[in-house]
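The values are calculated or read from the model by the stated rules, or taken from the named source; none is laboratory data. Computed from a prediction, not measured in an experiment: that's the story for all the values here. Neighbour counts run over all protein chains shown; Cβ positions are idealised from the backbone, glycine included.
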Amino acid sequence: MDADKVIEMQSVTTPTRSQAPRVLILGGTTEASEIARRLAARSDVTVISSLAGRVRQPRLPAGIVRVGGFGGAAGLISYLTNDNIGVVIDATHPYASKISGNAELACNTLRLPLIALERPPWEPNEHDCWYTVPDVQAAATMVNHKNNRVFLSIGRQELGAFSRCEDAWFLVRAIDEPADKMPAKSKLILQRGPFHLDDELQLFRNESISLIVSKNSGGTATYSKLEAARALKIPVVMIDRPLKHKIPTVARPEDVLLKLAEFL
């Protein structure tokens, strides 16, 4: 969503506390929603969550919700200044490196406190067969071979990297209809997590999946696909995370709240 098409919403159960310090959460993740829920129940802060607007019907967190882009680092600097933001919490997806870079630049420019949460990545165990690649282009090249039936679980933003794959067959799962061109041989299913192990096992068996492509998002909502891959001995092509932060990060919502208490 463009910066000039921003939607801002207010929970009717959480009125704005204009005199309280204003905390901006860059979110859209489970952890961001948890932080917003806990801060919205407090009287000593006003919490504003910013969602990128990439999902048509996002699950809205508690408190004030802002949906849409800022217009790069300069737009974020303007927003932080105009809305009198006192602290920024970056709880974005592990692969949302652009907004994290903009947040660091904006907060450094304005000398604002920035708390960065980075969800721990998944780690393979001894029964997993993972092939780690640096990006989606490398994953597309690796899996594009005849007789491969690939479960593609990377969201819808970077599907275009697989559009030139003409040999492999793909089962693509996304929340919303992709805007990018789909692979020549593919099937699309629209579903939102969390997903359960029994359902993933049945899906992979029904579609005769022989390879899985995933981002190393961490968390529990989609981990069952990796459990199913382990049980069925399906190799996983794991796309590595980008470098998001130059500052130290914390791993849990509880750690964010402790850091926030130091700044307040």
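Computed quantities for the displayed model
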item: Filter pass, Trp122 being within 21 Å of the chain's Cα centre (by Cα) and buried (at least 17 other Cβ atoms within 10 Å of the Cβ); result: yes
item: Lone unmet requirement of (1) touching a helix residue (DSSP H, G or I) at 6+ places or on another chain (Cβ under 7 Å); (2) without any contact (Cβ under 8 Å) to a residue 24 or more places away in the chain; (3) loosely packed, with under 13 Cβ neighbours inside 10 Å for Met182; result: (3)
item: Pairs with Cβ under 8 Å, 6+ apart, first in the range 79-106 and at negative phi and touching a residue at least 12 places away in the same chain (Cβ under 8 Å), second assigned to a loop (DSSP other than H, G, I, E, B) and among the acidic types (Asp, Glu); result: Pro94/Glu118
item: Count of the range 188-232 residues which are closer than 23 Å to His145 by Cα and loosely packed, with under 14 Cβ neighbours inside 10 Å; result: 4
item: Wholly enclosed strands (runs of 3 or more DSSP E) of the range 1-78 bearing at least 2 residues modelled with pLDDT under 90 and not assigned by TED's automatic domain parsing to the domain that holds Asp176; result: 7-10
item: Residue match in the range 197-208 (condition: within 17 Å of Val237 (Cα to Cα) and of a type in the set (Ser, Thr, Tyr)); result: yes
item: Residue list for the range 134-157, filter: in contact (Cβ under 8 Å) with a residue 60 or more places away in the chain, farther than 17 Å from Ser210 by Cα and either among the polar types (S, T, N, Q) or outside the structural domain of Ala174 (by TED's automatic domain parsing) (or both); result: Gln157
item: Long-range neighbours under 9 Å by Cβ, at least six apart or interchain, first residue farther than 26 Å from Thr92 by Cβ within the range 203-231, second in a helix (DSSP H, G or I) and modelled with pLDDT under 95; result: none
item: Identity of the residue in the range 79-98, at pLDDT 95 or above and among the hydrophobic types (A, V, I, L, M, F, W, C), that ends up surrounded by the most Cβ atoms within 10 Å (Cβ to Cβ); result: Ile89
item: Total residues in the range 102-122, condition more than 18 Å from Ser217 (Cα to Cα) and not hydroxyl-bearing (Ser, Thr, Tyr); result: 13
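Listed here are the residues, each with its yes/no results for (1) outside any helix (DSSP H, G or I); (2) of a type in the set (Val, Ile, Thr).
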| residue | (1), (2) |
| --- | --- |
| Ile209 | yes, yes |
| Ile212 | yes, yes |
| Leu226 | no, no |
| Ile234 | yes, yes |
| Arg241 | yes, no |
| Glu254 | no, no |
| Leu258 | no, no |
